Amino acid sequence: MNLSFKTLEISELEFSSEYPGLDEITGRLDDLNLTNPVDVLNWKSFAYNPDVKFTIAYTRHEMLLKYYVTEQGFKAEKTETNQDVYEDSCVEFFVSPLDDGIYYNLEFNGIGTCLMGSGTGRENRKRADPEIISRIRRKGSAGENSISEKEGDFSWTITMAIPFNVFIHHRINGLKGMTFRANFYKCGDKLSVPHYVTWNPVGTEKPDYHRPEYFGLLKFV
């Protein structure tokens, strides 16, 4: 695989309030008309490629992220914080704010249930306190109730407003001028059609998202 490291320049959005509502946020992200595909198939044994895109921006207090997904089948059974949402229809954002080896994994199923952890690798991670995770505002088009697996094409979106203070191992007062390393993922470990697709290519033999050496760059302008 010829690996490349993608770079995104991310713009600041201004709103009339410091913490705008999620409906206003999702509308502004739509209006940007600037989506990025999550479409890299790294592993031949998982050939299914759902239609996945994301839009990202920021404010003085939060990182704003919206995923747009159409996939074959849909499941969102996990309803409790830090359950294994990657077994459902799941989108993920892994991000490393500084070059200190620590990165955060933020994983959301289609109804907004979140698993979040931090550490320097797969083996030494610690899941975040549910109180910290509750600071992440999120809204999905599929609602909030548990959904057993549906067959056929299913389209859904989810919008998140991620405050800087959830990155508990770092002191982040603002993003302008900063560069983070990150990757964006879509998976569904226990769907009828399991899949693993990424924004930036991952050069491992088997599916493995906990590989920060393959993160791309986010430049906040």
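The values are calculated or read from the model by the stated rules, or taken from the named source; none is laboratory data. Because the structure is a prediction, the values reported are computed rather than measured. Here Cβ is always computed from backbone atoms with ideal geometry, including for glycine, and neighbour counts include all displayed protein chains. We work out accessible area using only protein heavy atoms, side chains counted, and drop any ligands, DNA or RNA first. Shrake-Rupley method; radii C 1.70, N 1.55, O 1.52, S 1.80 Å.
Go ahead and estimate [θ] at 222 nm for the chain from helices alone: -39,500 (n - 2.57) per DSSP H run with n ≥ 4, summed, over the residue count, rounded to 500.
So the helix-based figure for the chain works out to -2000 deg cm²/dmol.
Pairs from the list K44/K190; K44/K66; K53/K75; K6/K190; K75/K126; K66/K206 with a Cα-Cα gap above 23 Å: K44/K66; K6/K190; K75/K126; K66/K206. The order of K176, K6 by accessible area, most exposed first and with a 1.4 Å probe, is K176, K6. Annotation: amide H-H contacts under 5 Å for G110 (H modelled 1.01 Å from N, sequence separation of 5 or more, or interchain): S89. Solvent-accessible area per residue in segment 1-141 equals 47 Å², computed with a 1.4 angstrom probe and all protein chains kept. Of the trypsin sites (Lys or Arg not before Pro) found in segment 12-56, those in coil by DSSP whose Cβ has at most 15 other Cβ atoms within 10 Å are K44.
Considering only protein heavy atoms and a probe of 1.4 Å, how much of the accessible area of the chain is carbon and sulfur, as a whole percent? Answer for the chain is 45 percent, counting heavy atoms of protein chains only. Per-residue Karplus couplings for segment 47-57, computed as 6.51 cos²θ - 1.76 cosθ + 1.60 with θ equal to phi - 60°, are listed in order as 8, 6, 10, x, 8, 9, 9, 9, 10, 9, 8 Hz, Gly and Pro entered as x. Summing charges over all other residues whose Cβ lies under 11 Å from the Cβ of P50, with Lys and Arg as +1 and Asp and Glu as -1, gives -2.
Sites listed here are trypsin sites (Lys or Arg not before Pro) in segment 178-212 whose DSSP assignment is loop and whose Cβ has at most 15 other Cβ atoms within 10 Å: K190. If R0 is taken as 22 Å, the Cβ-Cβ distance between Y19 and E213 corresponds to a FRET efficiency of 0.05. Spherically averaged projected area of the convex hull of Cα atoms, segment 60-166: 6.9 nm².
Let me check I've understood the local charge: for I102, count other residues with C-beta under 12 angstrom from its C-beta, Lys and Arg +1, Asp and Glu -1. What total comes out? Charge balance near I102 sits at +1. Using alpha-carbon positions, what is the distance between the centroids of segment 3-29 and segment 89-137, in Å? After rounding, the separation between the Cα centres reads 19 Å.
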